[in-house]
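This report concerns only the one structure given below.
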Amino acid sequence: MQNEALRDIFSSHQVVISWESRFLADHLLRITVVTPEQLLSIPGKVTVVKEAGLFHQQHPKNFYHLFTEIAPTVHYVKHDNLRLFWVNALKEPDAGGGAGPPQLPQDAKDAWVLPRSIVDLLACITPYPVKNIYTATVEEQKTLLLKRAVVGLPRNVRFYHQNKDEWRERFQDPPPLEYMLSYRQRVATCLDIDFINRKAPTHPVRVTFINRHYDEGRHILNAEALRDQIQEMPQFGPLGGAEVELVYSGGTLRSQAERVANTSIYIWAHGAAMAHTLFLPQGAQALEIVQWVVEDPTNQHIWVQGIQQAFRLQIGLDVLVNTDPTKVFFNYDVIRAPGSQYYKFNNTEKVLLLEELKCPEWHAKSRGITGWECFGWFHWHMSLKLEWAMLWPKVELARNNLQRSLAQLEGSSSSSQLGRQQQLQQGNEQ
């Protein structure tokens, strides 16, 4: 009787699945598309979900990917009753430091991860808690029947960048502006922070310096000293001095957004903190620090450029790329962890890695865990001692651009006001 009713429900509706097979671990998706006639054969209890979004965690803890790819897609559906399901929770990198190809864990429930800030964000989009679809169906002993679903990351509502020609080409073409602007406005309204219309502060200039924890990699070893040196720069005197805050990731989404929305100059080591540029006020300047001194598979700075382009952010962007190999240090506790591929290197290959920052050719070209591990050492397990001589010219340039941008914004605002006054005057005269 239940299935007869379900058939009636679906008889006049199309089940819409939007999916592009572009990502690792697609083979783990267990999704079946059924017609109204096939509903009769569904065994057991059935739960009908009218609107759903299904996404798999290719990057289960990465704020950037979740915030700028998945969340805009969810927003695009534009239904208040949207139910969200994570299709699978992926295996975390192993202790040896290799990222490894994503895999579905033996116990998906134990591997369930979702950053606190992303939970906060999704609460702005749907009142329902996000569930792991595998554990949801097992615990409730029901088949989830989705009347309409958005699966994965549809072409027209997201941007993504990877080391593939087709993705590079598509990355240059951001989603429709209306979706991205309305997404940004939705987040601002939900958090009750008007970062869209704010102007970057002066008197004092507020500098937010984001450092990554050592275990996260790309840690700036001398960040405290750099903070003090920025604070003392005389160039900030005419703008009321500088107030520099050195912070690490964590906290609620609102607390993070409020801090960035009150920032004049935003400095961060390449990573997920780039997503916070969405919260920067008008005229603010953003400086990204890239530690690599070896050729990387991707142009790192293009990621944040994509964010600026997709949301039409009125901010300045700059990048500082370290060119001194003597200032970067592997996290040796990771390279020398039990089971690491490092122990398969001969002495010459170890010297090549540690002294010249090069992986053996056989290792770098290998497939599977060995190739991933080599990439992971450079990408996630290397720290940097950033020389002040490299940083201060970039900070000075950011200070100058900040002053120039705010003056332009003020001039634009004055011109708009004058134009409105003239229009009003002409209307009164008529």
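What's the Cα-based Rg to Rh of segment 192-242, Rh via Kirkwood?
Result: Rg/Rh = 1.10.
If Lys and Arg each add +1 and Asp and Glu each add -1, what is the summed charge of the other residues whose beta carbon sits under 9 Å from the beta carbon of ASP318? Don't skip to the end; give the middle numbers.
Details: positive: LYS394; negative: GLU288.
So the environment of ASP318 carries a net charge of 0.
Sorted by mean Cβ packing within 10 Å, highest first, what order do the peptides 239-248, 349-358 take? Please list the in-between numbers first.
On the way: 239-248: 16.5, 349-358: 14.4.
The most tightly packed comes first, giving 239-248, 349-358.
Among 325-331, 400-406, how do they line up by average Cβ neighbours within 10 Å per residue, starting with the highest?
Details: 325-331: 15.6, 400-406: 17.7.
Result, highest mean first: 400-406, 325-331.
Report, to the nearest whole %, how much of the accessible area of segment 247-359 belongs to carbon and sulfur atoms, 1.4 Å probe, protein only. Walk me through the numbers before you get to the answer.
Details: 2210 of 4380 Å².
Result for segment 247-359: 51 percent of the exposed heavy-atom area is carbon or sulfur.
Once label points are set 7 Å from the Cα along Cα→Cβ at both ASN222 and MET390, what is their separation, rounded to one decimal in nm?
Inter-label distance under the simple model: 1.1 nm.
Among residues other than ILE196 whose Cβ falls under 12 Å from its Cβ, what is the net charge (Lys/Arg +1, Asp/Glu -1)?
With Lys, Arg at +1 and Asp, Glu at -1, the neighbours total +4.
LEU246: net charge of surrounding residues, Cβ under 10 Å, Lys/Arg +1, Asp/Glu -1, itself excluded?
Values: positive: ARG227; negative: GLU224, ASP228, GLU245.
With Lys, Arg at +1 and Asp, Glu at -1, the neighbours total -2.
The values are calculated or read from the model by the stated rules, or taken from the named source; none is laboratory data. For clarity, every value in this text was computed on a predicted model and none was experimentally measured. Heads up, the Cβs are rebuilt from the backbone with ideal geometry, glycines too, and the neighbour counts pull from every protein chain shown. Quick note on the areas: whole protein, heavy atoms, side chains included, nothing else; ligands and nucleic acids left out. Shrake-Rupley method; radii C 1.70, N 1.55, O 1.52, S 1.80 Å.
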